[in-house]
1. Give me the one-decimal nm value for the distance between modelled label points at ASN265 and THR342, 7 Å along each residue's Cα-to-Cβ direction.
2. Simple spin-label model, 7 Å along Cα-to-Cβ: ASP164 to LEU196 in nm?
3. Return, for the Cα atoms of segment 133-264, the radius of gyration and Dmax in Å, separated by a comma.
4. Which of the peptides 272-280, 140-148, 299-307 is most tightly packed, and how do the rest follow, going by the mean number of other Cβ atoms within 10 Å of each residue?
5. With the cut-off at 25 Å, report for segment 103-344 the share of all Cα pairs above it, as a whole percent.
6. For ASN131, what is the net charge nearby, where nearby means another residue's Cβ is under 12 Å from its Cβ and Lys, Arg count +1, Asp, Glu -1?
7. Mind jotting down the distance between the C-alpha centroids of segment 296-349 and segment 192-206, whole Å?
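Laboratory data are not the source of any read-out in this text; all were calculated from the coordinates shown. Predicted model, so just to flag it, every value in this text is computed and none were measured. Because the Cβ atoms are built from the backbone with ideal geometry, glycine has one as well, and the counts that use them run over all protein chains shown.
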Amino acid sequence: MAGSTSTSLFLPLTFRLNFAIVYIFSGFSNWCNVPTFFSESTIEFKEINTKNKQFFLALTPPSESSYGYCRKYDLPPVTTKTAILFSIFGKTITDCMPFTQKTAIVTGAGQGIGFEICKRLSAEGAQVVLNDIDPDLTHRAAALITAETGNECLALAGDASDVDCIQKMVSRIVQQYGKLDIVIANAGITLFGDFLAYTPEAFQRVMQVNLAGSFFLAQAAAQQMKEQKTGGTILFTSSVTGHQAHKQLAAYSMSKAALEMLAKNLVIELSPFQITVNAIAPGATLTERTLDDPGYTATWSALTPMGRPATVADIAEAALFLVSDKARQITGQTLIVDGGWTSISPSPF
Ligand SMILES: NC(=O)c1ccc[n+]([C@@H]2O[C@H](COP(=O)([O-])OP(=O)(O)OC[C@H]3O[C@@H](n4cnc5c(N)ncnc54)[C@H](O)[C@@H]3O)[C@@H](O)[C@H]2O)c1
């Protein structure tokens, strides 16, 4: 959007007012369900994108509103066509979506939890960049999401544990979209093995993907977010095994516990730049990988207080909350999504 603010000055004032009124009363007020709130708010044009014929507006609530703060909101873009239609039919503006204008990257997202998070973010308006180490999977997954949501999802294949690859991905995103707002370090590997026989190679690989990849992705993203001066949000994918001991997972669970401490620690350095850092800790979750075990659903249904393992949708819902503006005051935290398993932690063995 750089350099576009002045374009709005060329719009006639009457058009601006009419447009704002249409916008407020036919769309945004329904979305927020607080019409009176808008009568005291200030609306201003930020940008008109002539190529896509989109209008970008910002809304500043009154300082003494019941919302208790005065903060400028970037409203989701609306098109001229939408504006005309709504002025005639008075319907809700459908492109009022929470992640519109946000650029997000999710690593290890060719399948499973990461894929579902990408799909949800894309469906809710974000410009999503999907990464996976497997190029075929990456391209297939991104194409599937684009087809399903009608919102283009960018495929960036590569090893998310490789610092050089991480930096290239962040540069590419900035080159393509001009900014990076949401980072979900989801790539993780689970290498089971007895502690007494665990090899240095297995240990290194687990630490490289689960820890180093997340650490350096957060670093590269935070540098970019700091430069942008628009804040941002980083989410690590931990696990319930970072909280409870689990047979054959000494290295994996150690890496996940470390990620949660990383989220807490980064509060010190990243809060001044309005960057939040959190972790999500899924419990047993049904994915292509876990369903390789034919007994998985039955085993975890019996062990989980809520009576079933999580679905990828359960995890994605929680992840989307943590990276949304609704969670803007939450940082350094871990949200466990496990149907109650960690409260009692019965062993599957
Ligand atoms: N599924 C569960 O039950 C569960 C439970 C707790 C935590 N988690 C965590 O959630 C995250 C996602 O888990 P999942 O089960 O959906 O994963 P998954 O194994 O189904 O898929 C992970 C994807 O990551 C990709 N990947 C692996 N290494 C990569 C790398 N270096 N760079 C880029 N991509 C890479 C794989 O190709 C795969 O497509 C992981 O961090 C995992 O540890 C999963």
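1. 1.9 nm
2. About 4.1 nm, to one decimal.
3. Reported Rg and Dmax, both Å: 16.3, 50.
4. On the way: 272-280: 21.1, 140-148: 17.4, 299-307: 15.1.
Order by mean packing, descending: 272-280, 140-148, 299-307.
5. Details: 11061 of 29161 pairs.
Result: 38 percent of Cα pairs exceed 25 Å.
6. Working: positive: LYS168, ARG172; negative: ASP132, ASP134, ASP159, ASP162.
Cβ neighbours under 12 Å give a net charge of -2.
7. 26 Å
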